[in-house]
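Worksheet: the structure to be examined is printed underneath.
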Amino acid sequence: MSGSATREAPDTTGLDFGNYQTEPRVVGNAKSMTQARAWEAQRLADHVAVPFEVDPAYVRDARFDSFVPSTQIVLNRKGLGGLIVNDTFDEVAEDLVAGWLNSWATEPDAENKSRKLHLSVLMFPDAKTAESVAPILEHDDFTFNTENVKVPITKYPKTFAHWRPSVSSIGSWTVHDRYIIFMKIDDETRAPDLASLTGQVERALEVQIPLLDKFQPTPSDKLEHVPLDPTGLMGRTLPSDPGAPVRAQPDGFATGRGALSLFQSPSPKVLEDFSKYGVDLIAFGDSVVFRSTSAAGAKAMFQADTTTDDPSVKAVKTPDNLPVPVKCFADTYTDGNGQEKVVDHLCYLQVDRYSVQVRNKNLQDLHQKVTAQYILLAAR
């Protein structure tokens, strides 16, 4: 018999989804160049090295430090926060298409000192532009402090770097094709050691450059009105409330590294689990939907996510009448009076190839969200 199988529409009788959307939506194309560039930055994120891939000693996501922007999307100088001090960035890098920033730190030592690696990839329209911009950006740092000294990175001659001999820190700008790889390494754990700092730059570039060779930028003439949801999964993911967004960056999707920004405490295990469970796409809005290559992979991920021995994580009531696996938990703490308080609620859901996480402090509202998300995924 010719044709293809179709899924029967889910029976919503007896399901409480409140006012949440249950019909898949068409996300459409970018409405502006700014929106398109942010979308491209999120795509680029999957190809920007996470510092723990360079050195496993980097165990703490430092994006919430005071001088590091939490959004991680770089569209102008603000995207790099206090990591750069010159005020000419937007003029020099006016042709910047998109960028992404990862910032991680080691565990503080007994003196509360740590080592930090800030790594950002900035993408330009072509290699010629990147080659002209990088040395100017690096040189502008000299106008801030005359004690800066140029440093050669011999393994990567297209790197422009400098340090101050009295400070255990190094800044570098490396050209690779249309990309500029910006790094700032601060090592409070040891006295200034140029060989150590340049070695760290080289090790990071050894990891970063091959990742960029696998990235396929959106053609310039296609970017401004690019389709924001090429797979359709965002249209079946609960969108964030524009008035109370879930996170600093806009709703979107990722295939790997870019999804680490969704986790409060990301770690190498997150990427290992993506591989283990065959996760090939993650869409995020008011919920986070992980698509696996098989239903078995999604089931295994759901079971792992809902298995915990943390006494502060308590099982709570799940939504009524859902015909698929779902579990909900309360994240709790005990206050100074010995009273148990709830920080947040989190529900996990599995629908065929999809494993879902939905979070909300109000449990009834969370149940409605989970029910709506089930209908969205079961509708196809």
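Summary table below
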quantity: Pairs of Lys in region 234-378 closer than 22 Å at Cα, counting only those 8 or more apart or on different chains; calculated: 21
quantity: Residues T293, T22, sorted so that the one with the fewest Cβ neighbours within 10 Å comes first; calculated: T293, T22
quantity: GluC sites (Glu not before Pro) lying in DSSP loop within region 8-78, provided at most 15 other Cβ fall within 10 Å; calculated: E8
quantity: Exposure proxy ranking, count of Cβ atoms within 10 Å, fewest first, for D46, D55; calculated: D55, D46
quantity: In region 156-258, the chymotrypsin sites (Phe, Trp or Tyr not before Pro) that fall in loop regions by DSSP, at most 11 other Cβ within 10 Å; calculated: none
quantity: Ratio Rg/Rh, restricted to the chain and using Cα atoms, in which Rh is the Kirkwood radius; calculated: 1.01
quantity: For the chain, size of Cβ-based charge dipole, Lys and Arg +1, Asp and Glu -1, in debye; calculated: 640
quantity: Semi-axes of the equivalent ellipsoid for region 234-378, Cα gyration tensor, largest first, Å; calculated: 23, 17, 17
quantity: Fewest-first ranking of L101, L137, using other Cβ atoms within 10 Å as the exposure measure; calculated: L137, L101
quantity: Chymotrypsin sites (Phe, Trp or Tyr not before Pro) restricted to region 55-145 and DSSP loop, no more than 16 other C-beta within 10 Å; calculated: F64, F67, F144
quantity: Per-residue HN-Hα couplings for region 335-350 [Karplus 6.51, -1.76, 1.60; θ = phi - 60°; Hz; x = Gly/Pro]; calculated: 7, x, 9, x, 8, 7, 10, 9, 7, 6, 10, 9, 10, 10, 9, 10
quantity: Cβ-Cβ FRET estimate between S265 and S32, R0 fixed at 45 Å, reported to 0.05; calculated: 0.85
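Bear in mind these aren't lab numbers, they're just calculated from the coordinates by the rules spelled out. Quick caveat: nothing in here was measured; it's all calculated off a predicted structure. Here the Cβ is made from the backbone with ideal geometry for all residues, glycine too, and neighbour counts use every protein chain on show.
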